[in-house]
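These notes are about the structure you will find just below.
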Amino acid sequence: MPLPRRSFKLSAKSLLQWGVVGGALFFLLKAFGDHWQEVATIRIDAAGWVWVAIALLTTLGAHLWSGWVWSWILRELGHPVPGRWAMQVYLVTNIAKYLPGNVWHFYGRITAAQARSIGVGVAILSVVLEALLMAAAALMAAIVGLPRVGWLLQGLALAIALLAIHPRLLNPVLSRLSRSKAKGVSSSLNAPPAHSSRETATPLALARYPLKPLLGELGFFALRSAGFLGIVAALHSLTLANLLPVMGAFSIAWLLGLVIPGAPGGIGVFEATAIALLQPNLSPGIVLGAVAIYRLVSTAAEALGAAIGVAIRSRRTLG
């Protein structure tokens, strides 16, 4: 008896996700196997540990800031919320992106938004728009950080990226992605998607160009890039000549880790892409050491952020 079509689709999706993770991990293991002797010789001196500490603080600052920007996104969608509340929810839920399924951080934010009488459609739209604006910010950083393509092409690509988030072009994309995200969250919970009659009767869309949230996400990505550059500086002296190429490679690696499905938190995809793109500018040992330390620092920053979020929530409850 043939399997139902939906079961086949779910199996094919799971197969693709495991294939992405498996391919990235195989690449990483091969790279470490080929260059483990170089990695073993890496030493971090006192100045290097200062750079690592700076990287940790700037990465933590990026998450704090991103939570505040989420409040701006909700405001653009007609639901103003306190920035402190949005930051606390964002920090507490962010660590859940490492759980299998890669939707639990979204589910936590959607549930918290519903508790403030924000419709599920608006909540889903806010997390989808946040991801798209983050992707646009990373793309812009990649365009600026890859000078080899020429300033004319860079300017054209930048104009296309800015135009792509215009409401006339973005609203149809947001509508489709919101429906897809709702189905993904519901399927992960084995529950039917939630809808309200008011939301289904009124299409959800951006009324104006999301300039302020975009600038906010650019600030977030600037802090994330600074964190990675701090890790590289702890292992290797950075010059103006390789500063932009390293930032551009990081931007592309982070972007692919965000948009490629399968790896919770971009694990494997980010590292494999960064290694492939950075080797022309840095030695393989430095690249491998940098991506490994950055993953540890990034995860530690997210754990610290979650602890701060819990502390803020506890203080507000006691108060």
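Numerical summary
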| read-out | value |
| --- | --- |
| Extreme residue, surrounded by the fewest Cβ atoms within 10 Å (Cβ to Cβ), among residues of the stretch 83-126 that are within 22 Å of residue 260 (Cβ to Cβ) and of a type in the set (D, E, K, R) | 97 |
| Positions within the stretch 242-275 being outside any helix (DSSP H, G or I), surrounded by 21 or more Cβ atoms within 10 Å (Cβ to Cβ) and modelled with pLDDT of 75 or more, in sequence order | 268 |
| Candidate set from the stretch 281-316 (those that are in contact with a helix residue (DSSP H, G or I) (Cβ under 9 Å, 6 or more places away or on another chain) and of a type in the set (S, T, N, Q)); member that is nearest to residue 238 (Cα to Cα) | 281 |
| So residue 55, is it surrounded by 22 or more Cβ atoms within 10 Å (Cβ to Cβ) and on the phi < 0 side of the Ramachandran plot | yes |
| Residue count, the stretch 69-108 (criterion: polar (S, T, N, Q) and in contact with an Asp or Glu (Cβ under 9 Å, 6 or more places away or on another chain)) | 1 |
| Qualifying residue in the stretch 133-143 (condition: surrounded by 22 or more Cβ atoms within 10 Å (Cβ to Cβ) and over 26 Å from residue 230 (Cα atoms)) | no |
| Cβ pairs under 7 Å, 6+ apart, first in the stretch 87-106 and in a helix (DSSP H, G or I), second surrounded by 22 or more Cβ atoms within 10 Å (Cβ to Cβ) and of a type in the set (Phe, Trp, Tyr) | 90/70 |
| Qualifying residue in the stretch 43-52 (condition: closer than 30 Å to residue 289 by Cα, assigned to a helix (DSSP H, G or I), modelled with pLDDT of 90 or more and touching an Asp or Glu at 6+ places or on another chain (Cβ under 8 Å)) | no |
| The stretch 207-233 residues that are farther than 24 Å from residue 53 by Cβ, paired with ones that are in a helix (DSSP H, G or I) and among the acidic types (Asp, Glu) (beta carbon under 6 Å, 6 or more apart) | 210/76 |
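The values are calculated or read from the model by the stated rules, or taken from the named source; none is laboratory data. None of these values were measured; they are calculated from a predicted model. Neighbour counts run over all protein chains shown; Cβ positions are idealised from the backbone, glycine included.
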